[in-house]
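Nothing in this text is a laboratory measurement; each read-out follows from the coordinates by a stated rule. None of the values given here were measured: they were computed from a predicted structure. With ideal geometry, Cβ positions are generated from the backbone for all residues, glycine too; neighbour counts draw on all protein chains shown.
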Amino acid sequence: MLRASFCLRRLPEMSHEQFVTYWRDVHAPLVRANASALGMVGYFQIHTVHEGANRGLQAARHGPDPYDGIAEAWFEDLESTLERFSSDEGRAAWLLLAEDEGRFIDLANSPIFFGEALTIIDPATRATG
């Protein structure tokens with residue numbers, strides 16, 4: 001399973017709450033509507049909780065400020081994903097989503113990458129590998 005991971009930071013003029021609301025209520029339905037054109041088989045949003053616990057985690061590791069969230073899009077494999085992205089329908093869907101992302105994401109400070117997940121502990125079975 002191929003995953004595209006997006007480590008997201010909001011535009012500077014947005015609050016975290018505005019960012020999450022837009023991402024959940026506007027962008028997510030747009031992703032859902034275009035998932036088939038991109039060959040997407042899963043999509044997940046992780047919304048950062050901005051509370052004291054995160055500050056403690058950052059301080060313990062001397063880390064930077066957290067992302068506002070992480071999105072993961074799941075695909076079958078790299079070859080078929082690249083084929084879908086290069087099709088007319090896939091290119092149009094990707095451009096539509098990218099245009100919308102520019103409305104709420106600080107793209108220059110939000111890395112995106114393809115990767116493959118390695119399950120160490122499966123939450124469904126709690127089995128370790």
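If Ile120 satisfies all but one of (1) over 17 Å from Val26 (Cα atoms); (2) touching a residue at least 12 places away in the same chain (Cβ under 8 Å); (3) more than 15 Å from the chain's Cα centre (by Cα), what's the number of the condition it fails?
Ile120 satisfies all of (1) over 17 Å from Val26 (Cα atoms); (2) touching a residue at least 12 places away in the same chain (Cβ under 8 Å); (3) more than 15 Å from the chain's Cα centre (by Cα) except (2).
Filter the range 20-72 for residues that are of a type in the set (S, T, N, Q) and more than 24 Å from Phe85 (Cα to Cα); which is surrounded by the most Cβ atoms within 10 Å (Cβ to Cβ)?
In this case the residue turns out to be Thr48.
Test of understanding: among Ala93, Ala117, which residue is of a type outside the set (Phe, Trp, Tyr) and in contact with a helix residue (DSSP H, G or I) (Cβ under 8 Å, 6 or more places away or on another chain)?
Testing whether each residue is of a type outside the set (Phe, Trp, Tyr) and in contact with a helix residue (DSSP H, G or I) (Cβ under 8 Å, 6 or more places away or on another chain) leaves just Ala93.
Would you call Leu82 surrounded by 12 or more Cβ atoms within 10 Å (Cβ to Cβ), under 21 Å from Met1 (Cα atoms) and without any contact (Cβ under 8 Å) to a residue 24 or more places away in the chain?
When the stated conditions are applied, Leu82 passes them.
Any idea which residue in the range 100-117 is nearest to the chain's Cα centre (by Cα), counting only those that are of a type in the set (A, V, I, L, M, F, W, C) and within 22 Å of Asn34 (Cα to Cα)?
Ile112
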